[in-house]
């Protein structure tokens, strides 16, 4: 609770306070600010009276913001689905690999984290650009005749997110699959199930905690991603992370940017909390 108070609730309330303020040409660029010269007790009532919800109303009235939220939701959902489809077979292969090789294979999964995230994203420019390695390779093997326009599109954003967050899906899935009892699969096969049926009726349900954890670890940061859309997506890519950065640093409208951040946080946290409570109730019923 102390950890959450210091590193979550305190920053959240600071951002919430800024979101209820008004833009101003000052440092910091918003008002009101608590004036201790007038005395703390006498200035607090006027301070809170000056706060309002105009910035949140502005988010509803301006199409840019809710379109950014919807676009980010779409990109994060599709990216999470692709990461799951790619990551699950890899995690399954890791869990079924010989024990002596598992440590090495896990090391290979996390090895890209030893390189700067920014450098890894910039490297995709050289791969995806018109004269890049991918187009050169596809033309060399005869699949295409002219270079594909991949960079500065949503496809490049999907590729960047899937590549960057794939380990966050593989590791929780591997942890769930690796501790699964293999005798359950043998029992299902002895009772007449095929391997495919045994997978869907035994392996996949038992791996659901890893699936849920991996999806959360990918979806939440992808929803607010800024670096990948800005570098690989170009100016046409609309995501809430880019909109938030633009409000803070280009427009210097801290109150509106703070309101955008508060809404984004609530959109992510509230469903997760409700889901966790539902899971707890289901466990209590089973127990």
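The values are calculated or read from the model by the stated rules, or taken from the named source; none is laboratory data. These numbers come from a predicted model, not from an experiment. Cβ sites come from the backbone with ideal geometry, for glycine too, and all protein chains shown count toward neighbours.
Some notes on this structure:
- Test: residue in segment 110-117 that is touching a residue at least 40 places away in the same chain (Cβ under 8 Å), closer than 30 Å to residue 260 by Cβ and either outside the structural domain of residue 267 (by TED's automatic domain parsing) or assigned to a helix (DSSP H, G or I) (or both): yes
- Only one of 232, 206, 264, 177 that is modelled with pLDDT of 90 or more, over 17 Å from the mean Cα position of the chain (by Cα), assigned by TED's automatic domain parsing to the domain that holds residue 163 and buried (at least 19 other Cβ atoms within 10 Å of the Cβ): 177
- Under the condition of being surrounded by 13 or more Cβ atoms within 10 Å (Cβ to Cβ) and either more than 15 Å from residue 226 (Cα to Cα) or without any contact (Cβ under 8 Å) to a residue 60 or more places away in the chain (or both), the residues counted in segment 145-167 number 9.
- Test result for residue 274, over 14 Å from the mean Cα position of the chain (by Cα) and under 27 Å from residue 4 (Cα atoms): yes
- In summary, residue 144 fulfils each of the numbered conditions (1) at pLDDT 90 or above; (2) touching a helix residue (DSSP H, G or I) at 6+ places or on another chain (Cβ under 9 Å) with the single exception of condition (1).
- Residues of segment 94-122 classified as surrounded by 13 or more Cβ atoms within 10 Å (Cβ to Cβ) and closer than 21 Å to residue 164 by Cβ, total: 8
- Any chance residue 94 is closer than 18 Å to residue 176 by Cα, in contact with a helix residue (DSSP H, G or I) (Cβ under 6 Å, 6 or more places away or on another chain) and in contact (Cβ under 8 Å) with a residue 60 or more places away in the chain: yes
- Summed over segment 241-261, residues that are more than 26 Å from residue 170 (Cα to Cα), in contact (Cβ under 8 Å) with a residue 12 or more places away in the chain and either crowded, with 18+ Cβ neighbours inside 10 Å or out of contact with any strand residue (DSSP E or B) (no Cβ under 9 Å at 6 or more places or on another chain) (or both) total 14.
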